[in-house]
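Taking it in order: structure first as structure tokens, then the write-up.
The values are calculated or read from the model by the stated rules, or taken from the named source; none is laboratory data. Since the structure is predicted, the reported quantities are computational estimates derived from the model, not experimental observations. Here Cβ is always computed from backbone atoms with ideal geometry, including for glycine, and neighbour counts include all displayed protein chains. Calculation scope for accessible area: heavy atoms of the full protein, side chains included, ligands and nucleic acids excluded. Shrake-Rupley method; radii C 1.70, N 1.55, O 1.52, S 1.80 Å.
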Amino acid sequence: MPEHIASGLSVTESDFRAQAVYSDETKQFRFPPEPLSADAVEISIRVGKGTFSAVFLCTEEREYLMEKGETEGIFEYFKTTLPPTEKKITYYFRLQYGDEVGYYTKYGYFDEFKNEGEFQILRDYQTPDWAKGAVMYQIYPDRFCNGDPTNDVRTNEYVYLKRMAEHVKNWDTLPTATDVNHFYGGDLQGVIDKLDYLEDLGVEVLYFNPIFVSPSNHKYDAQDYHHIDPHLGKIVIDGGKVLSSCATNNTGATMYATRTTREENLTASDKLFAQLVEKAHERGIKVLVDGVFNHCGAFHKWLDREGFYKGTVKGAYHHKDSPYRDYFYWNEDGSYEGWWGYENHPKLNEEGCEELKNEILEIGKKWVSAPFHADGWRLDVAADLGKTPEFNHKFWSEFRKAVKKVSPDKLILAEHYGDASSWLQGDQWDSIMNYDAFMEPVTWFLTGVSKHSTEKRDDMYNNADVFWGTMSYQMGKLPSQAIATAMNELSNHDHSRFLTRTNRHIGRLQTEGSAAASNDIDPAVFREAVLLQMTWNGAPTVYYGDEAGLEGWTDPDNRRTYPWGREEKELIAFHKEAIYLRKENPVLRHGSLKQLYGDYGVIAYGRFDREEKFLIVLNNTDESKSISVPVWQAGMKLEGSLENCLMTNRDGFTDFAFQCPVKNGFAELTMPPKSAAAWKEVE
């Protein structure tokens, strides 16, 4: 009698054979999980007891007959050891039963090998342990908290993009379509003032949108990479004049020049940032800074189009003999090349200028070194740097060496859309902002609209097959090192707020207006997404204010101010509970993840290792769903019970520890409409 039938598991022999097979790239199936060239690597695979007569690990060069190891309940494990090598190794499993053969890859178990989805071992590719599964929090500095009104941008202080800079006096004023030159006064002191709040929330890493000197509120157009913007830092020497309301250029913007170029202000601002990092570290919180090295801003001192550095720097815009002339690309008509044609984003010429390349590398080292001690970089439009793929890869390889020489514990994350595998080989980036394998599939499944709220697809809404197929395929393209540290966001500064996406409407601020972003929102769906985010592989990243109930279309509406005093307290409490759940159960950070169920609007997956086992279930439909989930596939006992750790539905959320039964290897449970729950196996 087959083992599974004797044990009471009610599945057919062929289903048991196929569904019991499991392996991945976590430490319980590969050790060490991030091997060096000198390391032997032990690989293991789990199969149903007695289902296979032989198991082979197959690489491009040879097959390894795997040894049968320990038995655990209805499962047994096969293992083999691969010798040290500097080469990249890809592998899959070939499993024999009688005269039949099956194959196992990242994409699952198949009767035929499909030449895709192989596991891979990339030697000497190690990422910081602190970043693996860490809870991150993204801050758009101008909109988080105003801790020092004396550094606020003054109305008419300067002209930016042909408009006057404007100080927004009322913190609660919503952004307008011309938001880029509007300033609310958020700053680094405000972050320092709220570190207790962030610590209490459970944040482990702060990621700042750019904080270097820049004339915009987003600061993706740097004016000086070597200093923190005094409008975010400290203004100790003030003076000069604001412009007249009819001014069209910055010839008389002496206040702005004083504030952003005086050494006293720059030094004081840099010092404040160092203090922020120190205070964050005292709380066990890491800090990431945003690097924009593909382009700078038209105000940058190397170009000095506005003349703020006249007399101290020979800017390339006005001087063909400038030492910085080769830092930029120049058109035949004498104009500089802008990234994607944007005049305020001059494209930097690292590829053609060794001096510039070396300076950027020094900047990369500077901010992760003493006295600042930032813990890593997030890199903006990193794949666009340079003009050729060859140089781009070469540059990021050199950047990695420079940063990791300071400490291998520094993190390098890149913004990227599409296949990032050529940058994720262990010699360039550590990981990416995870759009393809997190934000997009989660958004489509739960809301049926795009991450910009500009497209609606009813065929994607609640489509479990598309969700699991996309997740499997996109995660399969990422190395395990990158998955563990990938920034898993629901919202950020480039996309609509997830809470707005729950209304399933399409629109933008310019067409629909601010109020429409709040119409018909569904907090229950948002809580489903948060529970998924906090129980998924990678680094869950909260965009400031999401936890407090901020809505908003895509930028600039997604850059509303944090609603201090108007927070959705219940939503903050739910985030705390979900983050606590993750931090108290290491399996949710580092364990295996296996699909267990998929139907219209309903998904379930297991998070498990040898010690802990969790079942996560989402019901995104408008009806209660009674389902039977094969938790035996996640290594749970065939008879027993699961205990609720956190459940959310339309009525709110609870961590009351009620139980559901497991019979014959299946959890029998009923999920209310618009609900999600995390269940832990009871010992």
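In the range 80-101, the residue that is surrounded by the most Cβ atoms within 10 Å (Cβ to Cβ) out of those that are in contact with a strand residue (DSSP E or B) (Cβ under 7 Å, 6 or more places away or on another chain) and in contact (Cβ under 8 Å) with a residue 60 or more places away in the chain is F93. For the range 223-246, the set of residues classified as closer than 20 Å to I139 by Cα, open to solvent by 10 Å² or more (accessible area, probe 1.4 Å) and of a type in the set (D, E, K, R) consists of K234 only.
Pairs meeting the criteria (first residue in the range 2-20 and at positive phi and hydroxyl-bearing (S, T, Y), second residue assigned to a loop (DSSP other than H, G, I, E, B) and modelled with pLDDT of 80 or more, beta carbons under 7 Å, at least 6 apart or on different chains) are lacking. Residues in the range 305-318 that are out of contact with any strand residue (DSSP E or B) (no Cβ under 7 Å at 6 or more places or on another chain) and open to solvent by less than 40 Å² (accessible area, probe 1.4 Å): G307, F308, Y309, V313, G315. Is it the case that some residue within the range 206-218 is surrounded by fewer than 24 Cβ atoms within 10 Å (Cβ to Cβ), part of a helix (DSSP H, G or I) and out of contact with any Pro (no Cβ under 8 Å at 6 or more places or on another chain)? No, because not a single residue in the range 206-218 is surrounded by fewer than 24 Cβ atoms within 10 Å (Cβ to Cβ), part of a helix (DSSP H, G or I) and out of contact with any Pro (no Cβ under 8 Å at 6 or more places or on another chain).
Among the candidates A517, A420, A464, the residue that is within 20 Å of Y107 (Cβ to Cβ) and buried (at least 21 other Cβ atoms within 10 Å of the Cβ) is uniquely A420. Remark: pairs (first residue in the range 446-457, closer than 10 Å to G507 by Cα; second residue in a helix (DSSP H, G or I) and open to solvent by less than 60 Å² (accessible area, probe 1.4 Å); Cβ separation under 6 Å; 6+ apart in sequence or on different chains) = S453/R501. The sole residue among V617, V682, V662, V629 that is touching a helix residue (DSSP H, G or I) at 6+ places or on another chain (Cβ under 7 Å) and not charged (D, E, K, R) is V662. The residues of the range 445-454 that are over 15 Å from E489 (Cβ atoms) and surrounded by fewer than 24 Cβ atoms within 10 Å (Cβ to Cβ), listed by number, are G448, T454.
Quick check on A414: is it open to solvent by less than 10 Å² (accessible area, probe 1.4 Å) and farther than 24 Å from V542 by Cα?
Details: open to solvent by less than 10 Å² (accessible area, probe 1.4 Å): yes; farther than 24 Å from V542 by Cα: no.
Considered against the rule, which asks whether it is open to solvent by less than 10 Å² (accessible area, probe 1.4 Å) and farther than 24 Å from V542 by Cα, A414 comes out as no.
Residues in the range 319-353 that are acidic (D, E) and open to solvent by less than 70 Å² (accessible area, probe 1.4 Å): how many? It would help to see each step written out before you state the result.
First, pick out the residues of the range 319-353 that are acidic (D, E): 321, 326, 332-333, 337, 343, 350-351.
Filter again for open to solvent by less than 70 Å² (accessible area, probe 1.4 Å), leaving 337, 350-351.
Of the residues in that region, 3 qualify.
Here's the yes/no breakdown for (1) among the hydrophobic types (A, V, I, L, M, F, W, C); (2) open to solvent by less than 10 Å² (accessible area, probe 1.4 Å):
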residue	(1), (2)
D557	no, yes
W564	yes, no
Y600	no, no
Y605	no, yes
D609	no, no
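Of the residues making up the range 614-650, those that are assigned to a strand (DSSP E or B) and open to solvent by 20 Å² or more (accessible area, probe 1.4 Å) number 8. Of the residues making up the range 9-19, none is touching a Ser or Thr at 6+ places or on another chain (Cβ under 9 Å), open to solvent by less than 40 Å² (accessible area, probe 1.4 Å) and either farther than 27 Å from V662 by Cβ or not in a helix (DSSP H, G or I) (or both). Test W302 against the stated conditions and say whether it is crowded, with 16+ Cβ neighbours inside 10 Å, closer than 30 Å to A134 by Cβ and not β-branched (V, I, T). The answer is no for W302.
Using the structure shown, decide if V662 is surrounded by 22 or more Cβ atoms within 10 Å (Cβ to Cβ) and in contact with an Asp or Glu (Cβ under 8 Å, 6 or more places away or on another chain). When the stated conditions are applied, V662 passes them.
Considering only residues in the range 47-63 that are among the β-branched types (V, I, T) and not in a loop (DSSP other than H, G, I, E, B), the one that is nearest to F119 (Cα to Cα) turns out to be T59.
Within the range 645-666, the residues that satisfy the criterion of being small (G, A, S) and either closer than 14 Å to R527 by Cα or in contact with a Leu (Cβ under 6 Å, 6 or more places away or on another chain) (or both) are G652, G665. Got at least one residue in the range 186-198 being of a type in the set (A, V, I, L, M), open to solvent by less than 40 Å² (accessible area, probe 1.4 Å) and at pLDDT below 95? There is no residue in the range 186-198 that is of a type in the set (A, V, I, L, M), open to solvent by less than 40 Å² (accessible area, probe 1.4 Å) and at pLDDT below 95. Checking each residue of the range 474-483 against the condition of being more than 21 Å from L411 (Cβ to Cβ), outside any loop (DSSP other than H, G, I, E, B), open to solvent by less than 40 Å² (accessible area, probe 1.4 Å) and touching a Ser or Thr at 6+ places or on another chain (Cβ under 6 Å) gives no match.
Restricting attention to helices (runs of 4 or more DSSP H) lying wholly within the range 500-585, give those where 2 or more residues are closer than 25 Å to L198 by Cα and of a type in the set (A, V, I, L, M, F, W, C). Talk me through it step by step, then tell me what you get.
Working: elements: 509-512, 523-534, 569-584.
Fully inside the range 500-585 and qualifying: 523-534, 569-584.
When the range 123-159 is filtered for residues that are open to solvent by 10 Å² or more (accessible area, probe 1.4 Å), among the β-branched types (V, I, T) and not in a loop (DSSP other than H, G, I, E, B), the ones remaining, listed by number, are T150, V159.
Among residues of the range 35-48 that are closer than 12 Å to S23 by Cβ, those with a Cβ under 8 angstrom from a residue that is surrounded by 20 or more Cβ atoms within 10 Å (Cβ to Cβ) and of a type in the set (D, E), sequence gap 6+ or separate chain, pair up as R46/E76; V47/E76. Being farther than 28 Å from E263 by Cα and open to solvent by 10 Å² or more (accessible area, probe 1.4 Å) is the requirement here; does S369 meet it? Answer is no for this residue.
Taking the residues in the range 51-79 that are acidic (D, E) and more than 22 Å from Q425 (Cα to Cα) as candidates, determine which candidate is surrounded by the most Cβ atoms within 10 Å (Cβ to Cβ). Give the steps one after another, and end with the answer.
Restricting attention to the range 51-79, the residues satisfying the condition of being acidic (D, E) are 60-61, 63, 67, 70, 72, 76.
Going one step further and asking which of them are more than 22 Å from Q425 (Cα to Cα), we end up with 63, 67, 70, 72, 76.
Numbers: E63: 12, E67: 12, E70: 9, E72: 12, E76: 21.
Per the stated criteria, the residue is E76.
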